[in-house]
Amino acid sequence: MWLEELTTPYYAFRDAGAEVTLASITGGPIPVDARSLGPRGENDASVERYLDDPKLQAEVATTPAFTAVDPSSFDAVFLPGGHGTMFDYPENPQLAQLIERFDREGKVIAAVCHGPAGLVAARKPDGTPFVAGRRLAAFTDSEERAVGLDQAVPFLLETRLRELGALHEGAGDWEAFAVRDQRLVTGQNPASATRTAALVMEILNEGGS
């Protein structure tokens with residue numbers, strides 16, 4: 001996981017008065033990409049806040065598996081990214097089922113950077129890909145090549161989403177960019193986490209789940 005993609009939305013939601021539950025694929029500590037954590041004073045503001053927040057650090061270190069959490073009481077699901085999610089998210093049928101359930105129930109589904117990898121296996125009730133015909137953003141092929149990991153990931157996320165029929169939108173490399181399509185919210189890269197979280201709260205504040 002890229003740390004900023006968790007800490008930024010986490011604090012945005014908490015500061016807005018929302019309750020937040022962290023969960024992971026298998027439970028236990030969430031693996032954090034060491035490259036997303038710099039020396040003190042050199043990180044995104046939300047990461048600096050995290051470094052002074054033993055409560056959140058403990059939550060990151062002791063998550064339940066998401067399959068052990070009852071989704072019925074939640075209004076939204078938010079999928080942070082990080083290159084590890086490209087391996088953990090797409091082939092997880094339980095995650096695909098969770099996305100499908102939230103879609104059917106009209107709940108908010110959000111993801112940022114590589115987080116939209118968690119959408120690729122989900123389907124609509126008619127069996128077509130969940131992302132087909134939907135506007136969304138995700139880590140771009142250009143950004144993947146720029147970080148030199150285009151050969152390390154199992155697939156290029158932008159390309160895969162387009163192949164599934166998604167209406168992928170994006171800005172320049174590393175620019176903050178997020179898209180809302182009804183109750184689906186997606187952001188392009190770590191810098192987009194703030195805008196992605198704000199769009200989630202915008203929907204929730206419109207009323208209802």
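All other residues with a Cβ under 13 Å from the Cβ of A61 taken together, and with Lys, Arg as +1 and Asp, Glu as -1, what is their net charge? Write out the running numbers ahead of the final one.
Details: positive: K55; negative: D53, E59.
Computed value for this residue: -1.
Quote the relative contact order of segment 4-123 in percent (integer), defining contacts as alpha-carbon pairs under 8 Å separated by 6+ residues.
Numbers: 139 pairs, mean separation 32.7, N = 120.
Relative CO of segment 4-123 lands at 27 percent.
Non-local amide H neighbours of G133 (under 5 Å, H modeled in plane, Pro and chain starts lacking H): which ones?
Distant-sequence amide H within range of G133: A166, L167.
Among DSSP bridges having both ends in the chain, what percentage is antiparallel? Round to the nearest 5.
Working: 6 of 17 bridges.
Antiparallel bridges: around 35 percent, rounded to the nearest 5.
Going toward the positive end of the dipole of the chain, with +1 on Lys and Arg Cβ and -1 on Asp and Glu Cβ, which of T186, P93, L199 do you reach last?
Of the options given, the answer is P93.
At a 1.4 Å probe radius, carbon and sulfur cover how many percent of the accessible area of the chain?
Working: 4770 of 9490 Å².
Whole-percent figure for carbon plus sulfur exposure: 50.
What residues qualify as long-range amide H neighbours of L79, i.e. H under 5 Å apart, gap of 5 or more or another chain, H built at 1.01 Å from N?
Excluding prolines and chain starts, which carry no amide H, the hits are A110, A111, V112.
Given an 8 Å cut-off on Cα distances and at least 6 residues of separation, report the relative contact order of the chain as a percent.
Values: 384 pairs, mean separation 43.8, N = 209.
Relative contact order of the chain: 21 percent.
About the Cα centre, and with charges only on the beta carbon of Lys, Arg (+1) and Asp, Glu (-1), how big is the dipole of the chain? Nearest 20 debye, please.
Values: 18 positive and 31 negative charges, 88 e Å.
It comes to approximately 420 debye.
When the Karplus curve 6.51 cos²θ - 1.76 cosθ + 1.60 is applied with θ = phi - 60°, which whole-Hz ³J(HN,Hα) does each residue of segment 128-134 get, with x for Gly and Pro?
7, x, 3, 7, 4, x, 9
Under a point-charge model restricted to the Cβ atoms of Lys and Arg (+1) and Asp and Glu (-1), what is the dipole moment magnitude of segment 96-209 relative to its Cα centre, in debye to the nearest 20?
Values: 13 positive and 16 negative charges, 81 e Å.
Using only the charged Cβ atoms, the result is roughly 400 debye.
How large is the charge dipole for segment 121-170, taken about the Cα centre, if only the Cβ atoms of Lys, Arg (+1) and Asp, Glu (-1) carry charge, to the nearest 20 debye? Present the calculation step by step, with values, prior to reporting the outcome.
Values: 7 positive and 8 negative charges, 56 e Å.
Computed about the Cα centre, the dipole is about 280 debye.
Where in segment 1-104 are there chymotrypsin sites (Phe, Trp or Tyr not before Pro) that are in a DSSP coil and have at most 13 other Cβ atoms within 10 angstrom of their Cβ? Present the calculation step by step, with values, prior to reporting the outcome.
On the way: sites: W2, Y10, Y11, F13, Y50, F66, F74, F78, F87, F102; in loops: W2, F74.
In loop regions of segment 1-104 (DSSP not H, G, I, E or B), there are no sparsely surrounded chymotrypsin sites (Phe, Trp or Tyr not before Pro).
Would you kindly derive the ³J(HN,Hα) couplings of segment 164-179 from the backbone phi angles with the Karplus curve 6.51 cos²θ - 1.76 cosθ + 1.60 (θ = phi - 60°), listing them in order in whole Hz, with x for Gly and Pro?
Calculated HN-Hα couplings, in order: 7, x, 5, 8, 6, 10, x, 10, x, 3, 6, 7, 6, 7, 9, 10 Hz.
What are the trypsin sites (Lys or Arg not before Pro) within segment 1-81 that DSSP puts in a loop, where the Cβ has at most 14 other Cβ atoms within 10 Å? Before the final figure, lay out the partial values.
On the way: sites: R14, R35, R40, R49, K55; in loops: R40.
Those that pass, being in a loop and sparsely packed, are R40.
How large is the translational diffusion coefficient of segment 9-77 in µm² per second when you combine the Kirkwood radius over alpha carbon pairs with Stokes-Einstein at 25 °C and 0.890 mPa s?
Values: Rh = 13.4 Å.
Estimated diffusion coefficient is 183 µm²/s.
Taking K and R as +1 and D and E as -1, what net charge do the other residues with C-beta under 11 Å from the C-beta of M1 add up to? The partial results should precede the final answer.
Working: positive: none; negative: E4, E5, D33, D88.
Summing Lys and Arg as +1 and Asp and Glu as -1 gives -4.
Whole-Å semi-axes of segment 66-209's equivalent ellipsoid, largest first, each the root of 5 times a Cα gyration tensor eigenvalue?
Working: eigenvalues 102, 59, 37 Å².
Here the semi-axes work out to 23, 17, 14 Å.
The values are calculated or read from the model by the stated rules, or taken from the named source; none is laboratory data. Keep in mind that this is a model prediction, so the values were computed, not measured. We place every Cβ from the backbone using ideal geometry, glycine too, and count neighbours over all the protein chains shown. The accessibility values were calculated without ligands, DNA or RNA, using every heavy atom of the protein model including side chains. Shrake-Rupley method; radii C 1.70, N 1.55, O 1.52, S 1.80 Å.
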